[in-house]
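Everything below concerns the one structure shown next.
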Amino acid sequence: MSSSASGPSTQPDQPMEVDEGVVCKQTGTSTTASSSAVQLHPLVIMSIADHATRCKINNRDFNYAMGVLLGKQSGRDIEITSSCDVCSDVVDGSWVLNRDYLVNRLDHLTQLAQSNCGSQAGDVVGWYAFGDMPAARHMVMHEQMSEIPVLLMFNHTQPEELALRTFEGTVDGSHSQSRKAFVEVPHVMKTSESERIGIDHAAGACVTGYSAVSDCLSSHEGAVSMLNGRVKVICDYLVEVIEGRLEPNPAVIKSISSLVSSLPLAKEHSKDFKTKTNQELLDVLLITTMSMLTKGIFTNQEVETKSKVFSKGLKSRSDLEYFSASLKASKI
């Protein structure tokens, strides 16, 4: 038996198994038409892409790499907001879900979400695997996942385009005996303002080392620092007046009192203030995480390219000189 967070070790670029028998087409009367509406957030795609990169670097078998999709479901509408990879085992050639690992991972995500913003991490609304079309083993795993609504297939062999397909479990009655099958359902991208800002920042910082978000944050940092300095001056003045080291100036005291009275009452709004502050902090951490993930993927791709050059060997001295010049130019 082999166990891993990404599946057993093997060559990463082996062909994916495809079984058209478990897929139903949405044509004719053989398949019950699906009306599910699936909404995907960019963070989900970045997380799955990072999982694929780690599988490739660690020579994991993509056929048995998987994860769960978190979000919320309202009727037939499903919104996927995040994802995480989970462990699976191969027992006597069968793909088996590691339920203990899944439960512990979901508990950790829930605790993290509650400590950061006081909310839930989301419900398990689906799971993902790698490949273009579902195979027989995906139906077996789908049944072990208690038949949660959505299966997302991510084709990692097409780096030039985003190859995502979403499927839903159904019952195919077109044969003499009914059988369980997958039917493809459409999906759309949905982004929040913080996600758009984070993706723009991550893309710009990764490619050029510069982004408009950095300038915006720098200006905000300067404004906050200036405000903090002025508030400190007022506090120091009041402390010295209270301790008797300075004579109170009625005009200044009146101005300070007017300024304080114009501010919202902190005690009445302390709960809302804390919630909004935690939410903004979570958005900032989300931007930073997406930037680090993008840079990590870009760096891993560079390391993989350079390692392939070494593995093939340098045939002549001119090749060595050219490679050394390239390393100096890239500042590695």
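The values are calculated or read from the model by the stated rules, or taken from the named source; none is laboratory data. In this text, all values refer to a predicted model and were calculated from it rather than measured experimentally. Cβ: placed from backbone, ideal geometry, glycine included. Neighbour counts: every protein chain shown. Keep in mind that these areas ignore ligands, DNA and RNA; they rest on the heavy atoms of the full protein, side chains included. Shrake-Rupley method; radii C 1.70, N 1.55, O 1.52, S 1.80 Å.
What the table below lists for this structure:
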| read-out | value |
| --- | --- |
| Hey, Glu195 closer than 28 Å to Lys276 by Cα, modelled with pLDDT under 85, open to solvent by 30 Å² or more (accessible area, probe 1.4 Å) and not aliphatic (A, V, I, L, M) or not | no |
| Count - residues of region 131-154 that are in contact with a Leu (Cβ under 9 Å, 6 or more places away or on another chain), within 16 Å of Tyr64 (Cβ to Cβ) and part of a loop (DSSP other than H, G, I, E, B) | 2 |
| Any hit, region 34-46, residues being within 28 Å of Lys306 (Cα to Cα), part of a helix (DSSP H, G or I) and at pLDDT below 85 | yes |
| Search result, residues across region 44-83 that are of a type in the set (A, V, I, L, M, F, W, C) and touching a strand residue (DSSP E or B) at 6+ places or on another chain (Cβ under 6 Å) | Val44, Ile48, Phe62, Ala65, Met66, Val68, Leu69, Leu70, Ile78, Ile80 |
| Considering residues of region 155-187 that are outside any strand (DSSP E or B) and modelled with pLDDT of 80 or more only, the residue nearest to Gly75 (Cα to Cα) | Pro186 |
| Any hit, region 235-243, residues being within 30 Å of Val44 (Cβ to Cβ), open to solvent by 60 Å² or more (accessible area, probe 1.4 Å), modelled with pLDDT of 80 or more and of a type in the set (A, V, I, L, M, F, W, C) | no |
